[in-house]
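Every number in this text was worked out from the coordinates using simple rules, so none of it is lab data. These numbers were taken from a predicted model, which means no experiment stands behind them. Cβ placement follows ideal geometry from the backbone for every residue including glycine, while neighbour counts extend to all protein chains displayed.
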Amino acid sequence: MTEKTEPLKYYEYFESGLKRFYDNDFKGAIKDSTKAIEMNPDYDLLYALRGNARLNIEDYKGAIEDLTQHLEMTPDNWDAYFLRGVSRANLNEYNSAIEDFTKTVEINPDKKEAYFLRGILKIDIKEYKSAIADFNKNIELNPMDFDAYYNRAIAKTEVKEFSNAIADCTEALNINPNFAEAYYYRGFIKSITRQSKSAISDFTKAIAIDNKHAYAYYYRGKTKFKIKDYSGTIEDFKKAIEIDPKINETTDIGFWIDEAYTDLYNDTHFKE
């Protein structure tokens, strides 16, 4: 006759859930933590574990529910606020996510990722100056964060600090010379500030790193149009459409192709 084994106590399920979480077995971690919660619904860390596991399988609503329950029991856990903020951001609940990131840095002022993500969300809700302040703090805590310089450049562009935005892109590239987006965005800023040749150079560098960057081709084509390189414009636009056919719907590329063909024809047939 086989002996009956005693049911696992809740903390054994908790320990098993932790192990599964760190082994990236998030569904297993959810299963174990749920069993532990059934045994002991008053143990706050179980909700934190399950919430984090749910976040990792993109069950953002479930993660928010668990992390909220945890915070009702342990209101000073900055990490839970941060994770709930990430979950809310993924559901486009920007204001609630910003509140969570704010609470995170109130408790832990050195949590650089909270400043970074709050800055990203503030760009989304058009609070550009406040976003710049968040990226400033992020960079103060982590001066090698090239993504923070890049996103600060985006915010500075929106408030027309074009020279400073270019400088931020340049700093991002000093840290990460293979950062195609920084070349692309620096080129974009230059293209709207009448630095056409330098803009084309930046778009070309972005394409050299990422030859599937449809928008680098698109804006290089538009910039070539400004310097009357109509053949180059048409070539770049065709490449952009080849990479991303939807660019026809999201931009005015069709209009500019027509203009480039018209001007190329006029140049070819009506030169003095």
For mean projected area of the Cα convex hull in nm² the list reads [x] 13.5; [y] 19.7; [z] 23.4; the calculated value is entry [y]
What do you get when you divide the Cα radius of gyration of the range 3-152 by 2.2 N^0.38 Å, with N the number of residues?
1.19
Roughly how big is the chain's charge dipole about its Cα centre, with Cβ charges of +1 (Lys, Arg) and -1 (Asp, Glu), in debye to the nearest 20?
920
Burial ordering of H70, H213, fewest other beta-carbon atoms within 10 Å first:
H213, H70
222 nm [θ] for the chain, helices only, -39500 (n - 2.57) per DSSP H run of 4+, per residue, to 500?
-24500 deg cm²/dmol
Most positive-pole-ward Cα, T250, L141, L71, against dipole of the chain from beta carbon charges:
T250
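Take the Cα gyration tensor of the range 196-272, multiply each eigenvalue by 5, square-root it, and list the three semi-axes largest first, rounded to whole angstrom. Provide the component values of the computation, followed by the final result.
Values: eigenvalues 95, 46, 15 Å².
Three semi-axes, in Å: 22, 15, 9.
Find the Cα radius of gyration of the range 5-91, compare it with 2.2 N^0.38 Å by division, and give the number to two decimals.
On the way: Rg = 12.3 Å, N = 87, 2.2 N^0.38 = 12.0 Å.
In units of the globular-protein estimate, the range 5-91 measures up at 1.03.
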